[in-house]
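K.L.:
Structure incoming, see below.
The values are calculated or read from the model by the stated rules, or taken from the named source; none is laboratory data. Everything quoted here is computed from the prediction, not taken from an experiment. Reconstructed Cβ throughout: ideal geometry from the backbone, glycine too, with neighbour counts over all protein chains shown. Please note that ligands, DNA and RNA were not included when accessible areas were found on the heavy atoms of the full protein model with its side chains. Shrake-Rupley method; radii C 1.70, N 1.55, O 1.52, S 1.80 Å.
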Amino acid sequence: MATDQGPAPALQPGASSGTAAAPLVTIAGERVARAEEVLTPEAVAFVVGLHRTFESRRQELLARRRTRRAEIARAGTLDFLPETAGIRAADWQVAPAPRALQDRRVEITGPTDRKMVVNALNSGAKVWLADFEDATSPTWQSVVTGQLNLIDAYEGRIDFTSPEGKEYRLRPAAELATVVVRPRGWHLDEAHLLVDGTPVAGALFDFGLYFFHNAARLLAKGPEDPNSGPYFYLPKTESHLEARLWNDVFSHAQAQLGIEHGTIRATVLIETITAAFEMEEILYELRDHAAGLNAGRWDYLFSIVKNFRDAGEHYILPDRNSVGMTSPFMAAYARLLVQTCHRRGAHAIGGMAAFIPSRKDPEVNAAALAKVKADKDREAAGGFDGSWVAHPDLVPVARASFDAVLGERPHQKENPGSPEQVTAAELLDIAGAGGSCTQAGLQNAVAVGLRYCEAWLRGLGAVGIFNMMEDAATAEISRSQIWQWIHNGVVLADTGEKATAELTRRLVAEELGRIRAESGEEAYAAGRWAQARELFEQVSLAEDFVDFLTLPGYALLG
């Protein structure tokens, strides 16, 4: 491997290395069992090389986000970019999908803990999104052991027996899901790996370690194996320039390790309102490495609130649970995604079914599964090539919906999608969703947000709350709606009371009282409820909107 970092850095936590010609590299994390297998001198040097090459551009693009948000605040609207009209009008296609990514009709998502690795790979889904982002609380322990678990899975040594005596064993390789890794977004740092005192990007840490350790290992398996290449999901992308940065990272990384250009494939989550206006451009920037686009519901709604939080009544979201993919502005977003992907030869992947089946309540199950089926039927009929589920029990439900449309075909890229042209006005027609803002909705936002923050602070990123598998995106939309309602003076439809910080604090206190009563004093005291309250109130009630709750939250992880 060719590098330009100089001597390999020290690996022990708290140690540093550097010379006058090479950067000072410090690993500040706690000791993690077997960390030396991941944080090898060569692997750390590879990540440091990515940092030195791309960190300044990352910072420029993060600054550009702030500038663009200010422009949106002034204009109160968005539109397709005039300067890239030529790309949208031109005739081009992304590179053909590799064999392992041809059929993506059902994808399961989840963190990279050892139990999830086995369950997801064995789930019967075509793809597993191995998540270092919203479904992972980025403790040092989690991000290092997650890398170890993926290596162990590829090496056939992931099998284990739980303390309760339950055995977890991988099925034969040909029956496993294809792993697609989601690194953290560009906005997050990895504070435990410092280069000249500066933390590396979480995105480059997650991507770099995974690619360094596994690219050659996966390619050696051969194209018949479902895990035969380095594949990624890219989160929180806000512009085609951020996609260009990822493309340059991919090209650089492949060249450094002697991997053929175009081996990496990436699917971009269109989960920000700004990215929705640049779908074509994002695929174009990544065209040698692009595999598709995905529709992400909660983060997309969160992005709308964040960008248009002070743009007036038209942009006020009603109760979050009343906004579905059939809401006009969300349906327009889904149509545009399918149209764009299929025009350019990419996969269009639908959104999440987050329901957690209950073995205790068949009536709740039946009603929820009927909703999941209707959601997946709609996506398949609308031209999507696959969709997400959060629980293995939902895999057959989603698969049946797509089997009914796809049959033996791996995808439906030949389907151009709806002939209706999607306009900027349709994408921004938030008021057209109808619905109302209620105290019941506010109380639900508090209940879910509080519970999630507390679990996240304990190191859990995917959390079952009220029969739903929630991740950071749910907490983000919950707290951002509270902020929006308060700062826009919303009057709650069911009580006539105005949404205020005082009302929110009262609901927080009441919810904590319910949690204490449900869990008991001992369990409550063992939790991190005081810090969760502080974090949740900070990101919901601060005068200045906090861009991501994970930014102040990360400082509390320890």
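K.L.:
Consider segment 82-122. How many of its residues are open to solvent by less than 20 Å² (accessible area, probe 1.4 Å), part of a loop (DSSP other than H, G, I, E, B) and of a type outside the set (Lys, Arg)?
P.N.:
Residues flagged as open to solvent by less than 20 Å² (accessible area, probe 1.4 Å), part of a loop (DSSP other than H, G, I, E, B) and of a type outside the set (Lys, Arg) within segment 82-122 amount to 3.
K.L.:
Just checking, which of 453, 437 is of a type in the set (A, V, I, L, M, F, W, C), more than 18 Å from residue 301 (Cα to Cα) and touching a Phe, Trp or Tyr at 6+ places or on another chain (Cβ under 7 Å)? Don't jump to the end; show me each part of the working.
P.N.:
On the way: 437 fails: more than 18 Å from residue 301 (Cα to Cα).
The match here is 453.
K.L.:
Please state which one of 340, 267, 274, 263 is over 26 Å from residue 103 (Cβ atoms) and either in contact with a His (Cβ under 6 Å, 6 or more places away or on another chain) or not hydrophobic (A, V, I, L, M, F, W, C) (or both). Lay out the reasoning, then the answer.
P.N.:
Details: 340 fails: over 26 Å from residue 103 (Cβ atoms); 267 fails: over 26 Å from residue 103 (Cβ atoms); 263 fails: over 26 Å from residue 103 (Cβ atoms).
The unique qualifying residue is 274.
K.L.:
In addition: Can you name the condition, by its number, that residue 464 falls short on among (1) open to solvent by 50 Å² or more (accessible area, probe 1.4 Å); (2) in contact with a strand residue (DSSP E or B) (Cβ under 8 Å, 6 or more places away or on another chain); (3) within 24 Å of residue 305 (Cα to Cα); (4) small (Gly, Ala, Ser)?
P.N.:
Failed condition: (3).
K.L.:
Out of all the residues in segment 28-41, which are aliphatic (A, V, I, L, M) and at pLDDT 95 or above?
P.N.:
32, 33, 35, 38, 39
K.L.:
Would you point out the residue of segment 161-178, among those that are free of Cβ contacts under 8 Å to residues at least 60 places away in the same chain and surrounded by 14 or more Cβ atoms within 10 Å (Cβ to Cβ), that is nearest to residue 206 (Cα to Cα)? Lay out the reasoning, then the answer.
P.N.:
Residues of segment 161-178 that are free of Cβ contacts under 8 Å to residues at least 60 places away in the same chain, as a first pass: 161-176.
Now narrow it down to the ones that are surrounded by 14 or more Cβ atoms within 10 Å (Cβ to Cβ): 168, 170, 173, 176.
Details: 168: 25, 170: 24, 173: 24, 176: 22 Å.
In this case the residue turns out to be 176.
Residue-by-condition table, conditions (1) in a helix (DSSP H, G or I); (2) among the basic types (Lys, Arg); (3) in contact with a Phe, Trp or Tyr (Cβ under 6 Å, 6 or more places away or on another chain):
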position	(1), (2), (3)
36	yes, no, no
46	yes, no, yes
57	yes, yes, no
61	yes, no, no
64	yes, yes, no
72	yes, no, no
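K.L.:
Filter segment 217-257 down to the residues that are farther than 22 Å from residue 37 by Cβ and open to solvent by 40 Å² or more (accessible area, probe 1.4 Å) and list them by number.
P.N.:
Once the filter is applied, which keeps residues that are farther than 22 Å from residue 37 by Cβ and open to solvent by 40 Å² or more (accessible area, probe 1.4 Å), segment 217-257 yields 223, 224, 241, 244, 248, 252, 255.
K.L.:
Can you list residue pairs whose Cβ atoms sit under 8 Å apart, with the first residue in segment 326-354 being closer than 24 Å to residue 289 by Cβ and the second being part of a loop (DSSP other than H, G, I, E, B) and among the hydroxyl-bearing types (Ser, Thr, Tyr)? Count only pairs 6 or more apart in sequence or on different chains.
P.N.:
338/418; 339/418
K.L.:
Let me ask another. Anything in segment 317-351 that is in a helix (DSSP H, G or I) and not hydrophobic (A, V, I, L, M, F, W, C)? List them, or say none. Show your work before the answer.
P.N.:
Step one: of segment 317-351, the residues in a helix (DSSP H, G or I) are 320-322, 328-343.
Of everything in segment 317-351, those that are in a helix (DSSP H, G or I) and not hydrophobic (A, V, I, L, M, F, W, C) turn out to be 320, 321, 322, 328, 333, 335, 339, 340, 342, 343.
K.L.:
I need a count of the residues in segment 473-502 that are part of a loop (DSSP other than H, G, I, E, B) and on the phi < 0 side of the Ramachandran plot.
P.N.:
Within segment 473-502, the subset part of a loop (DSSP other than H, G, I, E, B) is 488-490, 492-497, 499-500.
With the extra rule that they be on the phi < 0 side of the Ramachandran plot, the set shrinks to 488, 490, 492-495, 497, 499-500.
The number of residues fulfilling the criteria is 9.
K.L.:
Could you grab me the full set of residues in segment 498-524 that are over 15 Å from residue 485 (Cα atoms), open to solvent by less than 80 Å² (accessible area, probe 1.4 Å) and of a type in the set (A, V, I, L, M, F, W, C)?
P.N.:
Scanning segment 498-524 gives 508, 509, 512, 515, 523.
K.L.:
Okay, next question. Can you run down the residue pairs with Cβ atoms below 6 Å, 6 or more apart or on separate chains, where the first is in segment 131-146 and open to solvent by 10 Å² or more (accessible area, probe 1.4 Å) and the partner is part of a helix (DSSP H, G or I) and among the aliphatic types (A, V, I, L, M)?
P.N.:
Listed pairs, sorted by first residue: 134/472; 134/473; 139/557.
K.L.:
Okay, moving on. Kindly evaluate residue 495 against the criterion of being more than 26 Å from residue 110 (Cα to Cα), open to solvent by 40 Å² or more (accessible area, probe 1.4 Å) and among the hydroxyl-bearing types (Ser, Thr, Tyr). Before the answer, list the steps.
P.N.:
On the way: more than 26 Å from residue 110 (Cα to Cα): yes; open to solvent by 40 Å² or more (accessible area, probe 1.4 Å): yes; among the hydroxyl-bearing types (Ser, Thr, Tyr): yes.
Considered against the rule, which asks whether it is more than 26 Å from residue 110 (Cα to Cα), open to solvent by 40 Å² or more (accessible area, probe 1.4 Å) and among the hydroxyl-bearing types (Ser, Thr, Tyr), residue 495 comes out as yes.
K.L.:
Looking at residue 268 and the list (1) at pLDDT 95 or above; (2) open to solvent by 10 Å² or more (accessible area, probe 1.4 Å), which single condition is not satisfied?
P.N.:
Looking at each condition in turn, residue 268 falls short on (2).
K.L.:
Okay, next question. Only one of these is touching an Asp or Glu at 6+ places or on another chain (Cβ under 7 Å) and either surrounded by fewer than 19 Cβ atoms within 10 Å (Cβ to Cβ) or of a type in the set (Phe, Trp, Tyr) (or both): 374, 400, 424, 447. Name it. Break it down into steps so the answer makes sense when it comes.
P.N.:
Numbers: 374 fails: touching an Asp or Glu at 6+ places or on another chain (Cβ under 7 Å); 400 fails: touching an Asp or Glu at 6+ places or on another chain (Cβ under 7 Å); 447 fails: either surrounded by fewer than 19 Cβ atoms within 10 Å (Cβ to Cβ) or of a type in the set (Phe, Trp, Tyr) (or both).
Answer to the check: 424.
K.L.:
Still on this structure, please answer the following. If you scan segment 505-552, which residues turn out to be closer than 25 Å to residue 73 by Cβ, without any contact (Cβ under 8 Å) to a residue 12 or more places away in the chain and in contact with a helix residue (DSSP H, G or I) (Cβ under 7 Å, 6 or more places away or on another chain)?
P.N.:
Passing the criteria: only 546.
K.L.:
Does residue 181 qualify as being open to solvent by less than 60 Å² (accessible area, probe 1.4 Å), in contact with a Phe, Trp or Tyr (Cβ under 6 Å, 6 or more places away or on another chain), under 19 Å from residue 147 (Cα atoms) and among the aliphatic types (A, V, I, L, M)?
P.N.:
Working: open to solvent by less than 60 Å² (accessible area, probe 1.4 Å): yes; in contact with a Phe, Trp or Tyr (Cβ under 6 Å, 6 or more places away or on another chain): yes; under 19 Å from residue 147 (Cα atoms): yes; among the aliphatic types (A, V, I, L, M): yes.
Criteria met by residue 181.
K.L.:
Would segment 467-486 turn up any residue that is over 24 Å from residue 298 (Cβ atoms) and either hydrophobic (A, V, I, L, M, F, W, C) or open to solvent by 50 Å² or more (accessible area, probe 1.4 Å) (or both)?
P.N.:
Scanning segment 467-486 turns up no residue that is over 24 Å from residue 298 (Cβ atoms) and either hydrophobic (A, V, I, L, M, F, W, C) or open to solvent by 50 Å² or more (accessible area, probe 1.4 Å) (or both).
K.L.:
Based on this model, can you work out whether residue 280 counts as open to solvent by 10 Å² or more (accessible area, probe 1.4 Å), more than 14 Å from residue 347 (Cβ to Cβ) and without any contact (Cβ under 8 Å) to a residue 60 or more places away in the chain?
P.N.:
Numbers: open to solvent by 10 Å² or more (accessible area, probe 1.4 Å): yes; more than 14 Å from residue 347 (Cβ to Cβ): yes; without any contact (Cβ under 8 Å) to a residue 60 or more places away in the chain: no.
It is false that residue 280 is open to solvent by 10 Å² or more (accessible area, probe 1.4 Å), more than 14 Å from residue 347 (Cβ to Cβ) and without any contact (Cβ under 8 Å) to a residue 60 or more places away in the chain.
K.L.:
Shifting gears a bit: Being among the hydroxyl-bearing types (Ser, Thr, Tyr) and within 18 Å of residue 448 (Cα to Cα) is the filter; apply it to segment 530-558 and report the residue that is most open to solvent (accessible area, probe 1.4 Å). Walk me through it before giving the result.
P.N.:
Going residue by residue through segment 530-558, those that are among the hydroxyl-bearing types (Ser, Thr, Tyr) are 540, 550, 554.
Pick out the ones that are also within 18 Å of residue 448 (Cα to Cα) and you get 540, 550.
On the way: 540: 1, 550: 17 Å².
Result: 550.
K.L.:
Can you pull out every residue in segment 184-216 that is crowded, with 24+ Cβ neighbours inside 10 Å, under 24 Å from residue 104 (Cβ atoms) and of a type in the set (A, V, I, L, M)?
P.N.:
203
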